[in-house]
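Colleague: Submitted below is the structure of interest, expressed as C-alpha cells.
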Amino acid sequence: MNAIETINLKKSYNGNQIALSDTSFSIKQGEIFGFLGSNGAGKTTTVRLLNGILEPSGGNASVMGMDITKNQVEIHKLCGVMTETALMYENLSGIENLNFFGRLHGMSEAAIRERSFVLLEYLELTDAKNKKVKAYSTGMKRRLSIARALLHSPKVLFLDEPTSGLDPEAAMNVTKMIKQLSVEQGVTVFLCTHQLKYAEEICTLYGFIHKGRMLGMGTFDELLKQRNSKRYVEIRGESLPDIKSSELTHEGKIRITIQSDDDVTRILQDILSRGGKVYEARQVKWNLEDLYFSFQKGENL
Amino acid sequence: MNSIQRAMIIKDIKEVIGSKQMLLPMIIVPLIMMLILPLALVIGARYGVSGINGMDYMVKTLGSKFNELDNSQLLFEIGLNYMFPVFFLLIPIMASSIIGASSFVGEKEHKTMESLFYTPISIRELFVAKVIGSAVPALVVTLLSAIVFGIVMNIGGLLYFGRLVFPNIKWLILIFWVSPAVTVMAIFFMVFVSAKANTFQEAQQMSAFIVVPVILLLLGQMGGLFILNNLTLGILGAVFLVIDYILMRKTASGFVPEKLI
C-alpha cells in the first residue's frame, strides 16, 4: 500500500507565485523518503499540503489512502509532524507541552504519561521535563518536537531537519530511532533535509525538489540509472601529465571517468610512463551529493 | 465543555501565568480599577463633601432622584452606580484582549498555531476551543474583580447607608449580561486582528480600538448626554451581542490555516 501518493499536486499563492508545480510521486509504507532540496525549494509547502493545512491549487494527494482535502482530521490522527514552523509552547514545561498535545490527540492521561516517559527517556530529556521550554537549548527543543510528533504513535512521520542542531550523540540516537520505527513498526518517514550525507545514511527512497519542481524520484540505484552515472578514479600525485577528459577537484586531485577496472590500470601505467608520480588512487562512485547536483544542473557530472 | 476545550483553557491560563508581559496587566488593572479606586471612593466620600467637581452635568441629568442624599452619599452613589460600571467594563475588555491576543496572534507569532493545525481537531473545533479557552479565564478575572469590588462597596454601603449595596440589579446586568458580551466581542476582535497582526504587541495596540466605545460611555455620562440605567445597560448588552454575532460569522469564515501560518 502507498502511504503517500500525489498526482500533479500544485500550490500557488495569489495565482502566480508557484510554490509547488505538478508534483507526482508515491511512497510505499515503511519507506524512509528523503525529500531533498535547498531552503525555499517547496519542502515545507509539500508537508503542509499533505497534512491538509494548505489547500492545493491543483491535482490531488492522499495519505494512507485518505484524500488530503477531505480527511484532514483522520490524517492528523495517523501523522506526526515535526517542522521548523511548528514549535512548542515556550512558557510551558516539556512535560506540560506533551500533556497538552496528547490531550488534543485524544490520548488518556495514563497513555500520555507512559508514552512521554519512554520518549523523554530515549531523547534524553527526562531531567529537563519540568523546565520551561524557553530555557531549553535548540537541540533540546528539537528533541522535544520529535517527542511530540511521536507521542500518538503515528503511522506516517513528517520530519523537517530532525538532527539539525543536535550534538552527534543525540543525532545518532534520533537516526537509530527513525530506522527502528521504519523497520520494526512499518512507519513511513517523510524526511525533509538539505543534509545530503545524512539523507544517504538513513533514507531508502529519495526525491529531489528545486524551486517547487520535482527533479527526480526513486531509490539510489534507480536515480543512478536515470542519470546514467559513471564511475571515476581520483588520483593524487605530482607532475601528473595531461590526461584526456580529466578534471581537477577542489582538493587538487585529478578525476577521470572510467568504464571498467582495467581503465584504472591503463591510466596509472600511462601516468607513470610519462614521468608522473602517483601517491594515491581511488575509485569513486557517485554519491547522493553528486546525484543531487546532477539532477539540479540537469546534466551528468 | 469537552476535553479539548478544557486542555486549551488550562494551556492558555498557564501561558498567561508564565508570561509577566500578560500577567502584570491582568493583575494591576483590576487592582487599580476595582480595589484601589473604590477604596479611594469609600474613604474620599467622607471628606469630599464640599462639591463634586466635574460631575455637575451628570448630577443635573440625574435630577431630583437623589435629592434626599447628603454629599457623601451622593458621591458614593454616583461612584457605585454610574462611574464604576464603566470602569468595570474595561476589565473584561482588557482580560479578553490580552488572552485573545496571546491565544490567536501570540500563537501565530511563536509558530505554535501550526502545531495545533497538525492535531486531529477540525478547524471549527479549534476556533470554538480557542474562543472558549480565552473567554473563560477572562470571565473569571472579571468575576473576581466584581467580588473584590463588591466587598469594598458593601463596606462603603454600611458606612454611608447602613446596609449592603452590592450587587444591585444594575450590577447583575453588568456582570452577567454586558460583560460576557463585551468579552466575546474583544476575543472576536482579536481573531479578526490575528489574520493581520504578526506580533502580540501589534495586536495589543490594535485592541485600543475596543476601549474607545467605553471611554465614550464615560465621557457621555460625565457630560450629561445620557445616564447608564438598567434599560440602557440591557440595550448595550444586546447591541454587543449583535456585534458578537456579526464578528463571529466574519471571523469564523476567515479562520483558516493559510492566513494564520
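Colleague: Report the residue count in the range A:47-79 for those that are part of a strand (DSSP E or B) and surrounded by fewer than 20 Cβ atoms within 10 Å (Cβ to Cβ).
Modeller: 5
Colleague: Let me ask another. Check B:L236, B:L231 and return the single one that is in contact with a helix residue (DSSP H, G or I) (Cβ under 9 Å, 6 or more places away or on another chain), in a helix (DSSP H, G or I) and under 22 Å from B:N168 (Cβ atoms).
Modeller: Result of the check over B:L236, B:L231: B:L236.
Colleague: Just the residues that are touching a residue at least 12 places away in the same chain (Cβ under 8 Å) and either farther than 10 Å from A:L104 by Cα or acidic (D, E) (or both), please, taken from the range B:3-18.
Modeller: Correct list: B:I9, B:K11, B:D12, B:I13, B:E15, B:V16.
Colleague: Filter the range A:36-49 down to the residues that are within 11 Å of chain B (Cβ to nearest Cβ) and within 17 Å of A:M217 (Cα to Cα) and list them by number.
Modeller: A:V47 - this is the single residue of the range A:36-49 that is within 11 Å of chain B (Cβ to nearest Cβ) and within 17 Å of A:M217 (Cα to Cα).
Colleague: Being under 16 Å from A:D290 (Cα atoms) and among the hydrophobic types (A, V, I, L, M, F, W, C) is the filter here; which residues of the range A:237-253 pass it?
Modeller: The one that is under 16 Å from A:D290 (Cα atoms) and among the hydrophobic types (A, V, I, L, M, F, W, C): A:L248.
Colleague: For the range A:254-277, does any single residue satisfy the condition of being under 22 Å from the mean Cα position of the chain (by Cα), on the phi < 0 side of the Ramachandran plot and surrounded by fewer than 16 Cβ atoms within 10 Å (Cβ to Cβ)?
Modeller: no
Colleague: Give, as residue ranges, the helices (runs of 4 or more DSSP H) completely inside the range A:198-301 that count at least 3 residues that are over 30 Å from A:G34 (Cβ atoms).
Modeller: Output list reads A:261-273.
Colleague: Within the range B:113-136, count every residue that is within 11 Å of another protein chain (Cβ to nearest Cβ) and either part of a helix (DSSP H, G or I) or buried (at least 20 other Cβ atoms within 10 Å of the Cβ) (or both).
Modeller: 13
Colleague: Can you tell me which residues in the range A:278-287 are surrounded by 15 or more Cβ atoms within 10 Å (Cβ to Cβ) and modelled with pLDDT under 90?
Modeller: A:W286
Colleague: Could you tell me whether B:Q221 is under 24 Å from B:A129 (Cα atoms) and away from chain A (no Cβ under 14 Å)?
Modeller: Considered against the rule, which asks whether it is under 24 Å from B:A129 (Cα atoms) and away from chain A (no Cβ under 14 Å), B:Q221 comes out as no.
Colleague: I'm trying to understand the selection: among the residues of the range B:11-23, which are modelled with pLDDT under 85 and assigned to a helix (DSSP H, G or I)?
Modeller: Once the filter is applied, which keeps residues that are modelled with pLDDT under 85 and assigned to a helix (DSSP H, G or I), the range B:11-23 yields B:D12, B:I13, B:K14, B:E15, B:V16, B:I17, B:K20, B:Q21, B:M22.
Colleague: Pick from A:E169, A:E124, A:E114: which is away from chain B (no Cβ under 14 Å) and in a loop (DSSP other than H, G, I, E, B)?
Modeller: A:E124
Colleague: Condition first: assigned to a strand (DSSP E or B), more than 7 Å from chain B (Cβ to nearest Cβ) and touching a Phe, Trp or Tyr at 6+ places or on another chain (Cβ under 8 Å). Now tell me which residues in the range A:80-109 satisfy that.
Modeller: Correct list: A:G80, A:M82.
Colleague: In this structure, does A:S145 turn out to be within 13 Å of chain B (Cβ to nearest Cβ), touching a residue at least 40 places away in the same chain (Cβ under 8 Å), of a type in the set (S, T, Y) and over 24 Å from A:E31 (Cα atoms)?
Modeller: So A:S145 does not fit the description; no.
Colleague: Something else now. Buried (at least 18 other Cβ atoms within 10 Å of the Cβ), away from chain A (no Cβ under 14 Å) and assigned to a helix (DSSP H, G or I): is that true of B:L139 in this structure? Give the derivation first.
Modeller: Numbers: buried (at least 18 other Cβ atoms within 10 Å of the Cβ): yes; away from chain A (no Cβ under 14 Å): yes; assigned to a helix (DSSP H, G or I): yes.
Judged against the criteria, B:L139 is a match.
Colleague: Please indicate, with yes or no, whether at least one residue in the range A:159-170 is touching a strand residue (DSSP E or B) at 6+ places or on another chain (Cβ under 9 Å), under 21 Å from A:E289 (Cα atoms) and at pLDDT 95 or above.
Modeller: Checked against the condition, which is being touching a strand residue (DSSP E or B) at 6+ places or on another chain (Cβ under 9 Å), under 21 Å from A:E289 (Cα atoms) and at pLDDT 95 or above, the range A:159-170 yields at least one hit.
Colleague: Consider A:R115 carefully, then state whether it is charged (D, E, K, R) and over 21 Å from A:E31 (Cβ atoms).
Modeller: Spelling it out, A:R115 is indeed charged (D, E, K, R) and over 21 Å from A:E31 (Cβ atoms).
A quick yes/no check of all residues on (1) of a type in the set (A, V, I, L, M, F, W, C); (2) closer than 15 Å to A:A3 by Cα:
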site	(1), (2)
A:S57	no, no
A:M64	yes, yes
A:D67	no, yes
A:L98	yes, no
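Colleague: Taking into account only those residues within the range B:240-261 that are in a helix (DSSP H, G or I) and β-branched (V, I, T), which is nearest to the other protein chains (Cβ to nearest Cβ)?
Modeller: Top of the filtered list is B:T251.
Colleague: Regarding the range B:181-194, can at least one residue be identified that is free of Cβ contacts under 8 Å to residues at least 24 places away in the same chain and either of a type in the set (A, V, I, L, M) or more than 14 Å from chain A (Cβ to nearest Cβ) (or both)?
Modeller: The answer is no; no qualifying residue exists.
The values are calculated or read from the model by the stated rules, or taken from the named source; none is laboratory data. Please read these numbers as outputs of a predicted model, since none were measured by experiment. Backbone-built Cβ (ideal geometry, glycine too); neighbour counts: all protein chains shown.
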